[in-house]
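The values are calculated or read from the model by the stated rules, or taken from the named source; none is laboratory data. None of these values were measured; they are calculated from a predicted model. With ideal geometry, Cβ positions are generated from the backbone for all residues, glycine too; neighbour counts draw on all protein chains shown. Accessible surface areas use protein heavy atoms only, side chains included; no ligands, DNA or RNA. Shrake-Rupley method; radii C 1.70, N 1.55, O 1.52, S 1.80 Å.
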Amino acid sequence: EFGARLQAMASADSDSDGEVKYAFERKPAAASNGKTAQHGKRRSRSSFEGEQLTPRSLLQLCSGFARGPALGGDCCWSQPDCTTFRVRGPNYLKDKVKVNSLPSVMELVHVDLFASNGCRVDLLAEREDAYIQCQRRAGDNRFMLCVNFQAPPHHMAVYFAVALETQSQWSPSLKKAWDRFMNGDDRHRDARWKVIPQVVEGPWVIKKSVGQKPALLGTKLAHTYHHGENYMEMDCDIASSTTASWLVGLLKGYATAFAIDIGLCIQGNHGEELPERVIGGVRFTKPNLDRARLVDWE
């Protein structure tokens with residue numbers, strides 16, 4: 001079975017520029033866990049190995065997965081060099097040439113690793129004891145992007161921030177792609193939301209399974225988009241794909257042996273949206289899911 005899955009992934013269809021259209025097939029809606037925590041500005045009850053904890057920010061709860069060094073860290077996250085990601089160049093529609101991205105336009109500010117009681121936890125941005133609302137109370141009013149990777153019971157929520165006034169300094173192509181993404185419907189977002197993986201270190205099986213080809217993640221996994229005041233959250237249901245769920249299981253088995261960079265990008269399909277530029281990037285180094293705190297959302 002293991003060999004068959006690798007073969008299927010290796011033979012996945014590619015488009016003309018080599019971007020993989022992974023053979024991630026969404027499960028029927030009922031096949032996904034189906035349980036979702038009720039969202040809203042509510043507090044949580046949490047525990048870790050039986051220890052009862054007073055409700056507080058997930059920033060404090062998830063201390064087992066903290067910011068760390070770019071190299072040589074253990075169970076940590078860091079800001080990668082986003083200029084190493086290859087993106088569509090200014091004349092890509094004609095010459096199919098990719099270029100190195102400029103530095104990411106958003107700052108990686110936080111990553112939460114936590115476990116739920118088995119359900120998917122949506123809309124972290126509106127939970128009063130989660131990162132964004134805690135930052136708002138501390139006076140941080142920057143625009144924030146939350147990408148919430150959900151593989152119940154585990155969740156990995158990645159947060160990026162950008163000052164609104166700096167958006168006026170973005171290139172015309174980036175502003176065009178971003179505005180269309182923010183103001184478009186979910187179908188448009190699914191067709192443009194691109195993830196670029198790069199395995200920094202790890203065994204052959206991880207490098208082979210993950211690869212380095214970009215993927216339009218919204219077309220492969222069920223996504224829920226939440227656009228609120230000064231934030232956008234994307235809840236990515238990994239359990240909606242059997243192949244993605246299997247890949248997460250594989251990564252969990254090798255968690256102490258690899259580091260991976262993830263670049264997030266909005267795909268440019270029209271000349272006025274090119275060149276592309278990485279929106280934000282994150283490096284996960286030896287992400288041991290067993291260190292996730294259990295958060296019992298009410």
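Structural remarks
- Sorted on the mean count of surrounding Cβ atoms within 10 Å across their residues, most packed first, peptides 215-221, 200-206 read 215-221, 200-206.
- Solvent exposure ordering (accessible area, 1.4 Å, most first) of ASP122, ASP296: ASP296, ASP122
- Cross-link pairs beyond the 29 Å C-alpha cut-off, checked among LYS176/LYS208; LYS94/LYS252; LYS98/LYS207; LYS175/LYS252; LYS96/LYS175; LYS94/LYS194: LYS176/LYS208; LYS94/LYS252; LYS175/LYS252
- Given in Å, the Rg to one decimal and the Dmax to the nearest whole number for the Cα atoms of the stretch 187-260 are 14.0, 43.
- q = 0.14, 0.17 Å⁻¹, the stretch 53-205: log10 I(q)/I(0) [Debye, one scatterer per Cα]: -0.90, -1.29
- Here the Karplus curve 6.51 cos²θ - 1.76 cosθ + 1.60, taken at θ = phi - 60°, turns the phi angles of the stretch 119-134 into couplings of 9, 6, 9, 9, 6, 4, 4, 9, 8, 5, 9, 9, 4, 4, 5, 5 Hz, with x standing for Gly and Pro.
- Cα point-scatterer Debye curve for the stretch 159-208, base-10 log of I(q)/I(0) at q = 0.15, 0.18, 0.25 Å⁻¹: -0.64, -0.77, -1.00
- Across all Cα pairs in the stretch 173-298, the calculated P(r) in 10 Å bins from zero up to the longest distance comes to 11, 37, 34, 16, 1 percent per bin.
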